[in-house]
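Dropping the structure in here first, questions after.
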Amino acid sequence: MRSSKTKLAIIIPCYNEELVVKSTVETLLNVLDGIIKKDKISKESYIYLIDDGSKDNTWNIIEELHKKYGSKVKGTKFIRNYGNQKALIAGLLGVKEIGCDCVISIDADLQQDENAIEKFIDEFHNGADIVSGIRNDRKTDTFFKKYTALCFYKLMNLLGVKIPPNHSDFRLVSYKGLEILEKYSEAGLFLRGFFHEIGLKTAYVHFDVKPRALGSSKFNFFSLTSLALNGITAFSIVPLRIIAVIGVLTVLGSGLLAIDVLIEKYLLHNTPSGWATLVFLLAFFGGLQLFCLGIIGEYLGQIFNEVKARPRYIKEQELI
Ligand code: UDP
Ligand code: MG
């Protein structure tokens, strides 16, 4: 049993969220108050907002909220947009430094059910180091996102990264989890894979997803594809092995084809015209090679990014 004086930090990545950030913070402060009254978390629990280089008024609103609520609402601002994963990592490492016993990440649009936060805390008090929020369904997603997400989780599972489907970045991490995170210096860390892999005691809480109240999704086709590709190449080298296996099979296949060609030519004296076959094979293997090169390129890109060892993000301001 952990102490009821748990200091909870809630982290919220924000990118152009001027329409929702104020009401989100106020709703979450109410939720925190409710849990504080039940004596499950300490009065020093707080919210930490990460402005991921917003171009709108988000940061001004965060500053106003900080003035109004003091240390209950903290924040940091990136110098530019680095993407939601980097904002989450900055939040996790930021609150570790500021101080907390556990941290919960939630989206600025509050699509995730804030009432599940208390359940997360209960699981934490029962000994879990990671509590993952699992969506009950994907009703609020577009048709495209629903099916691409489904394919992504299926593919990740096939590749050996056993992330439960309908996983989200709505999760609780204990201080112990944050200490482990700090040891991982890789820039392209994919948090859903990471927290699943490190092997800490994990609990699951199911929650309902609400539609976004205001504003629009900050993800587009390209940022989602990039997130998915990063997730795959950061966590699995199976695609590289598949390429090697395809290579071996192709060589074996072409050996058989060579035997057939020789028999046709010297034994049967029946040299085939074979133009269609030739064109097909040319196009097929040309495409296959480019595809395989593309996969290798993705891994090379990962290595390129990691070898440069640039900072994950640069913070411009901090309100504590
Ligand atoms: N976000 C971010 N940086 C980005 C894109 C998104 O910090 O480059 C934040 C965004 O403000 C929100 C969360 O990530 O708090 C999830 O984004 P969104 O709700 O737009 O995604 P969706 O719900 O459509 O998956
Ligand atoms: Mg959303």
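The values are calculated or read from the model by the stated rules, or taken from the named source; none is laboratory data. Note that this is a predicted model, so its numbers are computed, not measured. Note that we place each Cβ from the backbone using ideal geometry, even for glycine, and neighbour counts take in every protein chain shown. Please note that ligands, DNA and RNA were not included when accessible areas were found on the heavy atoms of the full protein model with its side chains. Shrake-Rupley method; radii C 1.70, N 1.55, O 1.52, S 1.80 Å.
Tell me, which residue of the range 169-192 that is aromatic (Phe, Trp, Tyr) and open to solvent by 10 Å² or more (accessible area, probe 1.4 Å) is modelled with the highest pLDDT?
175
On to the next question. Would the range 193-204 turn up any residue that is of a type in the set (A, V, I, L, M), surrounded by 13 or more Cβ atoms within 10 Å (Cβ to Cβ) and within 16 Å of ligand 1 (Cβ to nearest atom)?
no
Still on this structure, I have one more. Can you work out which of the residues in the range 135-162 that are surrounded by 16 or more Cβ atoms within 10 Å (Cβ to Cβ) and hydrophobic (A, V, I, L, M, F, W, C) is farthest from ligand 2 (Cβ to nearest atom)?
159
In this structure, is residue 143 over 30 Å from residue 316 (Cα atoms) and modelled with pLDDT of 95 or more?
Criteria not met by residue 143.
I'm trying to understand the selection: among the residues of the range 99-132, which are polar (S, T, N, Q), modelled with pLDDT under 95 and within 16 Å of ligand 2 (Cβ to nearest atom)?
111, 112
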